[in-house]
Structure formats: C-alpha cells, structure tokens
Amino acid sequence: MKKYTYTEKKDTRSGFGAGLLEVGRKNKNAIALCADLTGSLKMDAFAKEFPDRFIQVGIAEANMMGIAAGLTIGGKIPFTGTFANFSTGRVYDQIRQSIAYSNKNVKICASHAGLTLGEDGATHQILEDIGLMRMLPGMVVINPCDYNQTKAATVAIADYVGPVYLRFGRPTVPNFTPADQTFEIGKAVHLNEGTDVTIIATGHLVWQAILAGEELAAKGISADIINIHTIKPIDESAILTSLAKTRCVVTAEEHNKFGGLGDAVAQVLAVHMPSPQEYVAVNDSFGESGTPDELMTKYGLDAKNIVEAVERVMARKESIHA
Amino acid sequence: MSDLITLQRITTQVRRDIVRMVHAVQSGHPGGSLGCTEFFTVLYNDIMQHHPSPWDMNGKDQDIFFLSNGHISPVFYSTLARSGYFPVNELATFRKLNTRLQGHPTTHEGLPGVRISSGSLGQGLSAAIGASLAKKLNNDTNLVYVLMGDGELQEGQVWEACMFAAAKKVDNIIATIDVNGQQIDGATKDVLNIGDLRAKWEAFGWVVLDTNGNDITLLQSTLKKAKSLTGQGKPIIILMKTEMGNGVDFMMHSHKWHGIPPNDEQLQNALSQNEETLGDY
C-alpha cells in the first residue's frame, strides 16, 4: 500500500476560500455572491480584496441564483456561496431553469455538505445534493477530498465554461494531496495500485479509503484505490480499467445511497462490466446532531465500514467465480 | 423614433402573428400576448437601443430585455422576428418539434434575442438584476428591461429581488408589470389578491410609474420618463394596466383566453379585426 502522509488537518471550505481569492486575482470577471454566510464559506478574503466584485445578497438564495445567471450575460463568472442544502434543494428550480437549461456559466459552490456539518442537525445536513445535481443535463458535479484539492478545483472550474456544482465541507480533515496538483475535471486520481478489490471514494471518504487500504494490506488484501473528485462527468475509463483487474468494487461517499457516487459507478458497470458492488453511504435516512466523527461512525461512513464492505464484496465475487 | 402610424401597423401585424401562431399548433397563450403587444412594439421599435444582428448574448453596449412571464412567448417571438433577430418565416415553427421557438422561451436552441429561459415564474427579475450589475461592472451605460405578469408577483422570489434591487441601488433597470388582473384560475383579486402594487413597490424603495399598457402614446412617454429617472440610485418600475386579449374583442374582459387557442372560425374573426399590414409570415 502506497504511503500517504499529511502535516496538518484543514477544512475543505478554506481550500475553496483560498482558491476563490486566487481566481479573483487572476480573472477580473470572477464575481463572488454570498447569502449571509461569508465567514462560514471563507469568502472574507475575496470580499475584502475585491469589494466591488463581492455581492452580499442576504438570506435569499433563489434570488442569488438568478442574479448569478444574469451576471453571466455580460461575461462575468459568478461563484455563489452558501451551504449545500441551500445551494441545491432550496433553489432547484432556479438552478434548473435559469442556470442549467439556460446553460449559464455559474459556479455553485456549496459548503457544509453531508453529515459532517455536525451539531446543526438534519435540516442543514443535505445528503441528496449530488443526486439532485447529477440529474441536471450539462451540470458538472465535483466533490474534492481535502484542502489542496478543493483549492485546485476552485481554480480549475473558473477556466471551464458551463455550470458547475462544487461540493465541500466544514470539518478539518487530513490535507494530503499535493499543493501543486493539476486538477483535471472528469479525471480520477489513482491513489493505489491493487488487484483484489477496487475502492472508489469521493470527498471526505477518500482519506477513510486510504486508511481502509492500509488495514486491508495488513490482512493481505490488495486494494486499488481511486479518488473520484468529479462525479459528473464520471471517469468511465478509470473505473473500467480498475474493475478489469479486480472484478469487484466498494464505493464510499458522504451522501445518501440513492443518487450519489455509488449509483454513478453502478451505472457505468451495469452497462459495460456488471460487477459485485457494495455501497458505503447513508442508508436512506436523514442525519442528526452530533460531532462529525460521532456521526460518521454512527452512520457507517468510516474506514472500518469500508473494510467490512470490502470483505462482503470479495466474498460475493468469490461465490460468483467459484 | 417611430411615428404612431408605424407603431400601430407593427402592433396590428404582431397581433395577427400571435393568433395565427397559437391557432396553427392549437396551443399557447394568446391572452397575455395580445395584452402586451403595444408594449413590445414600443419597447423594441422606439425605446431600446439594440442590435439584432450580429446577435450578441452579452448585449454589450446595448439595452437588453428579459421576459419573466415566459408563457407570452408569441408576442416576444413575433416582436423579435419583426425586429430582425431571426427570419419572420420561422414563426411558422412555433411549438413544433425541433423548433427554436419553444413553448416557453429558451436559450437552449440558440434563438437570437432570448438571453435566459423563462416559464417557471418569478425568476426573470433576478436575472435582469444580475445583468444590470454586470453592465455596471463593465461600465456599460445601457439599460436592462424586464417584464413580469401581475399574477407572477405571487412568487416569493420576486420580492427577494425587489428588496435586493432597492437595497443595492440598482438604478439601471426598468421593470414593468403587465397588470391585467387575470391569471389561469380567474381574476387575481379572487385567486390571491396582490393588493396595492404601488404601495408595495414604493415601500420596498422603488420609483413607481403608472401607465396604460395598451396606449402607444402613453407607453412612449412613460418609458421615456422612466429612462430619464435611471442613474439616480433607485430601481424603476412601471405598472402597466392592460386588457388581456386586447385587439380581439371576444378575447377581452376575461381570463378564459389565457392559455387556449382560437378555432378556425375564431381565427378568421380575430384576423378580420386586425388587417394585414407588414405581410403575414
């Protein structure tokens, strides 16, 4: 198992804030909009350095999405900032009609996604956003795994023309990807070469997949591990190349088991290479209050659950090939 | 500036286009379209500085318009075609398979003149505000216009946008409301009374003007007055009292023609009230 280390834990939302500032310095057409969550989204630095290009819309997310769509008519590149719940479910029709169907170059940047929002509880812990956004024609869906990757993704989407949903989170997590990485939309990152099982993870679950890989290696199981930061368009080639070796897969995500990464991978495999698959995802429920770590344990989203899923899926593979 | 006779001739032809388009596919929304015909004619032929060709989505250095109540697409399409945005004969494809003239306006098929999709109500003012902010950032002194229906004001997003524009001093926008007092299920006062619109918009901090939306001369003077009031720190709105179905007698004074087409006999009756002026498509 390839060794991954980190020097500090950082929050992915700060990666977004740092990336946004860099985009603002590079591109005078970049505009940031926020719905009364500037501090939470780490947009303060951008707002301070570019007050004329920062639009505080107040607690009015629907209006924010419409204004963002309008700003593109005039060549601006708007980045909207609010929590993932208010970036998707609350404004789905505004995104659908004014942004996606209108093919506007809006970057929907969503923090506090998933259970790791923590103590605020289920009203704010959206676990359906990846599915909602994947279903919109033409929408790119990105869920980076750490600070460095979120920063790189933020810079990369500014140069892509078209609507993007960028999902990140609140808690500090190991910052292990290289600071100088090139972020290629739609291109998976291969983390470990393995032959027994494929683990495909996104967002905060990528580090858990690495921990699981180490545990599995100690048990003599060789895991092929993929960090799939772009869920749409999904990197079919990376998935199929890996599955051709391993013939079974575990997907891991901080999302409901319906509509997320697992389903995106299953769709690729069902068409091209039907394979046993196990989901590490929330089992069709809402979240609740608690610390991020407590919640990830209770809802089965950690390395231990990935290891158990690997054992189940490998047993299924063996029963098929026996 | 166009003279009254010219504007009347365009209005009459647009009315013919509307009823013929809706009749041809036996679907669409003639009532609101007819009620706004004078407004579209005056806006596109006498008020806006715009460049139909070459088509520029960004609308740099020109006035731009957003239709929020997208169901009145027939009057929008006819006006765009007769202003030179696309061939008039394309009106014959309205609502047909593979058309650029979708039931509700969209940018998706690349129809020149349309800058955002609309149909799901309440979204146009926000987009228009965004475009107004972009013009300010680009030091483009041209204006942004938007039309909403009065029933549409029941959507909450309109009031988010209304509050924003006043608070942020978006003073390069002229919003207009088609106050015809009708919506699908009946009169707005019966469905969900929208109350005193002047008091509401003034309370939010807008400059409010009134006009008769079916009177070309009054529309000209009101829109010119609105232009003169831009750039003074406040957004501007014009409440246009209109008659749904205006110009076709049997479609007036009722909500019934909001979204139903005329039959063959009704079409002939409507056309006989609006003699051909610029040539049918």
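Bear in mind that the values in this text are calculations on the coordinates, not laboratory data. Predicted model only: the values in this text are computed from it and were never measured. For neighbour counting, all protein chains shown are included, and Cβ atoms are generated from backbone atoms with ideal geometry for every residue, glycine included.
The table for this structure:
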item	result
Whole-Hz couplings from phi, Karplus 6.51/-1.76/1.60, listed for the range A:257-273; x for Gly and Pro	5, 8, x, x, 4, x, 5, 5, 5, 4, 5, 5, 5, 4, 7, 9, 7
Label-point gap, in nm, between residue A:297 and residue B:250 - each point 7 angstrom along Cα→Cβ	7.7 nm
Cα gyration tensor, chain A - rounded (a/c under 1.5), prolate or oblate	prolate
The range B:131-253: relative contact order as a whole-number percent, Cα under 8 Å and 6+ apart	29 percent
Three-way shape call for the range A:254-300 based on the alpha-carbon gyration tensor, with the a/c threshold at 1.5	prolate
Karplus-derived HN-Hα couplings along the range B:112-124 (A = 6.51, B = -1.76, C = 1.60, θ = phi - 60°), whole Hz, x at Gly and Pro	x, x, 9, 10, 7, 7, 9, x, 5, 6, x, 9, x
In the range B:116-173, trypsin sites (Lys or Arg not before Pro) in a DSSP loop with at most 15 other beta-carbon atoms within 10 Å	B:169
Spin-label model distance (nm) - residue A:44 vs residue B:55, 7 Å beyond Cα toward Cβ	4.7 nm
Neighbour cut-off at most 13 other Cβ (10 Å), DSSP loop, GluC sites (Glu not before Pro), the range B:96-205	B:109
Order of B:191, B:170 under a 10 Å beta carbon neighbour criterion, fewest first	B:191, B:170
Positive minus negative residues near residue B:192 (Lys, Arg vs Asp, Glu; Cβ under 13 Å)	-4
Assigned charges on the beta-carbon of Lys, Arg, Asp, Glu; the protein assembly as shown dipole about Cα centre (debye)	1040 debye
Sorted by Cβ density within 10 Å, fewest first, the residues A:293, A:302	A:293, A:302
Shape of the protein assembly as shown, Cα gyration tensor, a/c cut at 1.5	prolate
Nearest 10 degrees, 0 to 90: helix B:4-25 Cα axis against chain B principal axis	60 degrees
Ranking of B:75, B:158, A:161 by count of other Cβ atoms within 10 Å, fewest first	A:161, B:158, B:75
Distant-in-sequence amide H partners of residue A:31 (H built 1.01 Å from N, under 5 Å)	A:77, A:79
Efficiency of FRET between residue A:308 and residue A:184 - r from beta-carbon atoms, R0 30 angstrom, step 0.05	0.40
Per-residue average of Cβ from other chains inside 10 Å of B:116-122	6
Inter-probe distance in nm under a simple model that places probes 7 Å from Cα toward Cβ, at residue B:221 and residue A:195	9.0 nm
Ranked packing of B:17-23, B:121-127, most packed first, by mean Cβ within 10 Å	B:121-127, B:17-23
Neighbouring partner chain Cβ atoms per residue of B:132-141, average, 10 Å criterion	4
DSSP-loop trypsin sites (Lys or Arg not before Pro) across the range B:21-118, with at most 11 other Cβ within 10 angstrom	B:96
Average other protein chain Cβ within 10 Å of Cβ, residues A:103-109	2
5 angstrom amide H check on residue A:11, placed H, neighbours 5+ away	A:173
Interchain or long-range residues, amide H under 5 Å from residue B:210's placed H	B:239
About the Cα centre, charge dipole magnitude for the range A:189-321 (Lys/Arg +1, Asp/Glu -1 at Cβ), debye	380 debye
CD proxy at 222 nm, helix term only [per DSSP H run n ≥ 4: -39500 (n - 2.57); per residue of chain A; nearest 500]	-11000 deg cm²/dmol
Note, ³J(HN,Hα) from phi for the range B:170-187, Karplus 6.51, -1.76, 1.60, rounded to Hz, x at Gly and Pro	7, 10, 10, 10, 10, 8, 9, 10, 7, 8, 9, x, 10, 8, 4, 7, x, 6
Crossing angle, helix B:73-82 versus chain B [Cα axis fit, 0-90 degrees, rounded to tens]	90 degrees
Degrees separating the helix A:303-321 axis from the principal Cα axis of chain A, which is the longest one	50 degrees
